[in-house]
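Got a structure here, written out as structure tokens. Questions coming.
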Amino acid sequence: MYVGALHLQFLLGVLLLFISPLALATWGDMGTAMKVRPMRFFTMEYTTMMIVAMVVAQMGAIRARKSKDAARAARTTLIFGGLSFVLILAAIPWPFMGEIARPWLRAW
């Protein structure tokens, strides 16, 4: 279920990359965008970390599915799922992250 949710989130993220004004501006002039920290973060760094997190979770699901022992499958799922969750948390633009920060609630 976790991996399925990540896949859905990935599809929504890819869709957002094609309709977001920030992403469209970045794709228009990639050389300049790589020099601007927020544009580089959301276009390259954030996207790459989320794809890596999804791949790690998928690898864990595949290894757990192939496992013969239920306890080993659960341990594998916990390890890979936890690692992917840590990667996701590391990629989130938290409010304390300087110029790439985003507020908790945008209305406030």
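The values are calculated or read from the model by the stated rules, or taken from the named source; none is laboratory data. Quick caveat: nothing in here was measured; it's all calculated off a predicted structure.
Looking at segment 74-83, is at least one residue more than 18 Å from the chain's Cα centre (by Cα) and of a type in the set (Lys, Arg)?
Among the residues of segment 74-83, at least one is more than 18 Å from the chain's Cα centre (by Cα) and of a type in the set (Lys, Arg), which makes the answer yes.
Listed here are the residues, each with its yes/no results for (1) of a type in the set (A, V, I, L, M, F, W, C); (2) modelled with pLDDT under 95.
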{"residue": "GLY4", "(1), (2)": "no, yes"}
{"residue": "HIS7", "(1), (2)": "no, yes"}
{"residue": "GLY13", "(1), (2)": "no, yes"}
{"residue": "LEU22", "(1), (2)": "yes, yes"}
{"residue": "MET39", "(1), (2)": "yes, yes"}
{"residue": "ALA57", "(1), (2)": "yes, no"}
{"residue": "GLY60", "(1), (2)": "no, no"}
{"residue": "GLY82", "(1), (2)": "no, no"}
